[in-house]
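Down below is the structure, laid out as structure tokens.
The values are calculated or read from the model by the stated rules, or taken from the named source; none is laboratory data. Note that the structure is predicted; figures quoted are calculated from it, not measured. Because the Cβ atoms are built from the backbone with ideal geometry, glycine has one as well, and the counts that use them run over all protein chains shown. When the accessible area is computed, the model is the full protein with side chains, heavy atoms only, and any ligands, DNA or RNA have been set aside. Shrake-Rupley method; radii C 1.70, N 1.55, O 1.52, S 1.80 Å.
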Amino acid sequence: MSAESTPGPGIPEAPGNSSGPGRRAKGRRRKPRARRRGVLIAAWTAAGIVVLGGTGLGYVYFKLNGNLKSIDINQMLGTDRPQKVDNGSQNILVLGSDTRSGSNKKLGGGADDGSARSDTAMIIHVYKGHKKASVVSIPRDTLIDRPACTDTQGTTHDAAQGVMFNSAYSTGGAPCAVKTVESLTGVRMDHYLEVDFAGFQKLIDELGGVQITTTKDIADHDSHLNLKAGTHRLDGQQALGLVRTRHGVGDGSDLGRIQLQQAFIKALVKQVKDIGVFTSPKKLYDLADTSTKAVTTDSGLGSVNSLMSFAGGLKGISPAHMTMVTMPVRYDPNNGNRVLVEKTKARLVWNALKNDQPIPKSATQGTAAGEANGVVSAP
């Protein structure tokens, strides 16, 4: 094991190894960790990072480290990529994956065909100084030109024109998804994070649920969601249904689903500091164990120490300093269930990220929307 993977500060003790009820390892501090937790859970895939506090035993470290799955994106993509911008900023591609099989099929609905799709895709841009961030959601139904790419098994897939964005992941997994995003945006992805449906549900349940307020009834048989207008504390299955629903509210488009996803993330970020996962060593360990099993990362984040270092760099970002937008698109005149990139406006977004500048409001004005804005909020 590399020096990077040597056990060190930040690992919780396993249940039963604590020398007393509620005992905390020496040196643990709550406030920085709480801020750190809120930022990364907003990215869905980083909840495991933020619970690794204390000076735990090597056994626990190696178990959590062994849970992590990583992919060497840099090696697979080689040098044919956008230039890395050395201005102190970072770009992270975050995917929510849907395998459509086993427990994921039961949770999310859809055909049990064993295939894998990226139902959710976000680019998180962390600005220089790590005090602010912008999140750009990419609609899965966007028609794009997918570049040729090589998957993790070494199989090369030909380029394709006019295909859905989420076909990149189902065709060639993480390497193809990253290459497609870089081809679409011209922006280099510094890191990759992925979480699946079952993992997402478990994370929300471990965190004790999320409280939201809905201004309209939401009912969607496909995502197993039925909420009356009002305030609710969503468990994991309900939260999963909310971030997946597209027919329960709005115009039935993927754009409406993105608006619900972004609203849910804001509610979660606002509340997460009050969840209190550190009151019990067992709860702390269970959350860390669930989280590290749920995530797949690029090799640069493929160890607990690397994830903790990455998390530490984000602890200064508050929810108030997170901007969330959707990639500028318009409805496809030939197919109302598909969208096309508004290239001129999208270029404003990508140039802002490249230059570490705020995304101009003009970039998203007059673009297609999903009519679900304001339906969900934090109470």
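Could I have the simple spin-label model distance between Asp80 and Ser362, label points 7 Å from Cα toward Cβ, reported in nm to one decimal?
Using points 7 Å along Cα→Cβ, the separation is 3.6 nm.
Magnitude of the Cβ-charge dipole of region 312-379, K/R +1 and D/E -1, about the Cα centre, nearest 20 debye?
My answer is approximately 200 debye.
Kindly report the accessible area of region 133-226 per residue (heavy atoms of protein chains, probe 1.4 Å, no ligands, DNA or RNA), in Å².
Heavy-atom accessible area per residue stands at 35 Å².
Quick one: which residues, 5 or more positions from Thr120 or on another chain, have an amide H under 5 Å from its amide H? H modelled 1.01 Å from N in the peptide plane, none for Pro or chain starts.
Distant-sequence amide H within range of Thr120: Gly96.
Which aspartates and glutamates have a Cα lying under 14 Å from the Cα of Lys354, excluding residues fewer than 8 positions away in the same chain?
Asp86, Glu182, Asp190
Could you state how much accessible area Leu307 has, in square angstrom rounded to the nearest 10, with a 1.4 Å probe and all protein chains kept in place?
The accessible area comes out at roughly 10 Å².
Given a cut-off of 32 Å, name the pairs among Lys202/Lys361; Lys132/Lys179; Lys131/Lys179; Lys69/Lys282 whose C-alpha atoms lie farther apart than that in the structure shown.
Lys202/Lys361
I need the Kirkwood Rh of region 314-379: take the reciprocal of the average 1/r across all distinct C-alpha pairs and report it in angstrom.
Kirkwood hydrodynamic radius for region 314-379: 13.9 Å.
Under a Cβ-only charge scheme (Lys and Arg +1, Asp and Glu -1), can you give me the dipole magnitude of region 145-274 about the Cα centre, in debye to the nearest 20?
Dipole of region 145-274, to the nearest 20 debye: 420 debye.
What number do you get for region 139-235 when its Cα radius of gyration is normalised by 2.2 N^0.38 Å, N = residues?
Cα-based Rg divided by the globular estimate yields 1.44.
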